[in-house]
């Protein structure tokens, strides 16, 4: 509102109830948003076929939030017959039974898939496993955890 050349605003402040940390706004009025927590990597070489490889282990009372996935087929994968790779949610660390598929690419020799900026939710109590039909695949998953009630850490 303008009154005789003056600008009058009503101040509103968004503050976290537990930490008293206020939300930030840029000088142009944009709300500053950032990731809830820093991601940590978990990598595994899928070195045998028909085997479950645990990528992320569940923690009691914590959800998993996947932020990035990198899958690479090395030079020993065929250039004509792709390696089938499945990244999946599982109910135990050693099962090849897929509870829910997260990603299922096919890659030929020396190719890769890089997925960034994800916000994929894996419920508490589930493992993130991977399997392949070609024993020359590397997978890296970046993730952080949230409490089951949605709070961080």
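Just how far, in whole angstrom, is segment 41-61 from segment 70-145 if you go by their alpha carbon centroids? The two parts, judged by their Cα centres, are 9 Å apart.
Note down the nm distance, to one decimal, between modelled labels 7 Å out along Cα→Cβ at residue 93 and at residue 19. Label-label distance for residue 93 and residue 19, simple model: 3.1 nm. You can think of it this way: the chain between residue 115 and residue 45 has 23.4 nm of extra reach, that is 0.36 nm per residue less the Cα-Cα gap. Summary value for the chain: 34 percent relative contact order, contacts being C-alpha pairs under 8 angstrom separated by 6+ residues.
For segment 35-147, with equal point scatterers placed on the C-alpha atoms only and solvent neglected, what are the log10 I(q)/I(0) values from the Debye formula at q = 0.20, 0.23 1/Å, to two decimals? At q = 0.20, 0.23 Å⁻¹ the computed log10 ratios are -1.00, -1.26.
Any read-out appearing in this document is the output of simple, stated calculations on the displayed coordinates, not a laboratory observation. Please read all numbers here as calculations on a predicted model, not as lab measurements. Cβ: placed from backbone, ideal geometry, glycine included. Neighbour counts: every protein chain shown.
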